[in-house]
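For reference, the structure is listed below as structure tokens.
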Amino acid sequence: MKKISFLFDIIVRVNIYQMATDNESTKIVKNLKKNFEKLKIKGEWTQGTLSQEAKLAYHTIAKIESGSTKDPRVSTVKKIADALGVTVDELIK
């Protein structure tokens, strides 16, 4: 199952970056960061509780929130969206 998920991430990443210009991918990451912070505050999430709920490493959450992760994996964004109770689209638009 992990191999399938890993391959799916690679395929989606390649497709996203082939379709998106540098400006578009930068905008997606900026929107992700902004919406992530807004939803985290709204739900009174801490980085620690969100990392536990999304089953992600604390530093992964911290890097996305700080904007230092320029190309988060689709599976990571999906886990965060699920934990926050929103769709991936709501998180990146």
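Is there any pair linking a residue in region 33-54 that is more than 19 Å from residue 67 (Cα to Cα) to one that is at pLDDT 85 or above and open to solvent by 40 Å² or more (accessible area, probe 1.4 Å), with Cβ under 8 Å and at least six apart or on different chains, and which?
Partner pairs satisfying both residue conditions: 43/85.
Only one residue in 26, 21, 87 is of a type outside the set (Lys, Arg) and at pLDDT 80 or above, so which one is that?
87
The values are calculated or read from the model by the stated rules, or taken from the named source; none is laboratory data. All of these numbers come straight from a predicted model, not from anything done at the bench. Neighbour counts run over all protein chains shown; Cβ positions are idealised from the backbone, glycine included. Side chains are part of the model used for accessible areas, which takes the heavy atoms of the whole protein and leaves out ligands, DNA and RNA. Shrake-Rupley method; radii C 1.70, N 1.55, O 1.52, S 1.80 Å.
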